[in-house]
Structure formats: structure tokens, C-alpha cells
1. Taking a cut-off of 20 Å, what percent of all Cα-Cα pairs in the range 5-103 are separated by more than that?
2. V31's amide H: which non-local residues (gap 5+, or another chain) put their own amide H closer than 5 Å, with H modeled 1.01 Å from N in plane and none for Pro or chain starts?
3. Determine which residues of the range 1-30 fall in the zone a paramagnetic label at R44 would reach in this model, i.e. backbone nitrogen under 15 Å from the point 7 Å along Cα→Cβ.
4. Compute the length gained on full extension between S36 and R16: take 0.36 nm times their separation in residues and subtract their Cα-Cα distance, giving the result in nm to one decimal.
5. Which trypsin sites (Lys or Arg not before Pro) does the range 1-84 hold that lie in a coil by DSSP with at most 10 other beta carbons within 10 Å?
6. What percentages make up the Cα-Cα pair-distance distribution of the range 1-44 when the bins are 5 Å wide from 0?
Amino acid sequence: MKSPILVTGGTGTLGRLVVRRLRDAGCDVCVLSRRSHEAEDGLRFLTGDLATDEGLDAAVDGVAAIAHCEGNAKGDAELARNLVRAASSQPPPRISCTSRSSAQTASPRRVALTA
């Protein structure tokens, strides 16, 4: 079994599209969500919260990559920092960060993500 890709915000507007594309490409996907969900065919849901760090260590354990799609205009940087901090305790996965608010602006914000 190959290592999964973790998608934060995978139940949201942008994240759902990312999850669908990854699944269509044959990737194993885990979705981090604040609420519990039933597993779907080949899709696991993990319960955790980027704002409180709850469940993050378990969520990043063993993943090949992280697609960070969670966030909004207020608080994006702190959520991303919490994710990077949790991921830094594991062998380094690739992390792709995007947000709907950044995608909708003419000049996306750059955020320093130091753990």
C-alpha cells in the first residue's frame, strides 16, 4: 500500500475538488476534518483541528504529501504554521498550501511557514 496524501479542508469548497482530482488520479487520500465522517471507497477521514493542533500528529504520520486547502482570510497563517509544525516531526512530506481566499485575489499573499 502506498503512502496517502493528506488533504486539509477536504470537505470544503476548494478541498472537495482537490480530493476528487487526487482520487481520479488513483491516489490514496486521507481528509482531515473537524467532524467525523464515514469512510468512503478508498477515502479515509481523520478527525482533527488545525486551530488547536488536535489530531495533527496522527494525521501527518506516514503521509507522502499534504495538500493544505484549509483556511480563510483570517487565520490562514496560524493554521498553516500548526500543520508545518506537526509535519516537521515526521520524515519530510511535500506540502502544497493554497486557500480559496488567496486564489481569489489578484496578488496572492505569501506567508512565512516556519515551524
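What follows draws every value from the coordinates through simple rules; no lab data is involved. All values derive from a computational prediction rather than experimental measurement. For neighbour counting, all protein chains shown are included, and Cβ atoms are generated from backbone atoms with ideal geometry for every residue, glycine included.
1. More than 20 Å apart: 28 percent of the Cα pairs in the range 5-103.
2. Placed amide hydrogens put V7, R44, F45, L46 under 5 Å from V31.
3. Only 1-8, 27-30 fall inside the zone, counting backbone N under 15 Å.
4. Taking 0.36 nm per residue and subtracting the Cα distance, the gain is 5.6 nm.
5. K2, R35, K74
6. 5, 24, 36, 26, 7, 1
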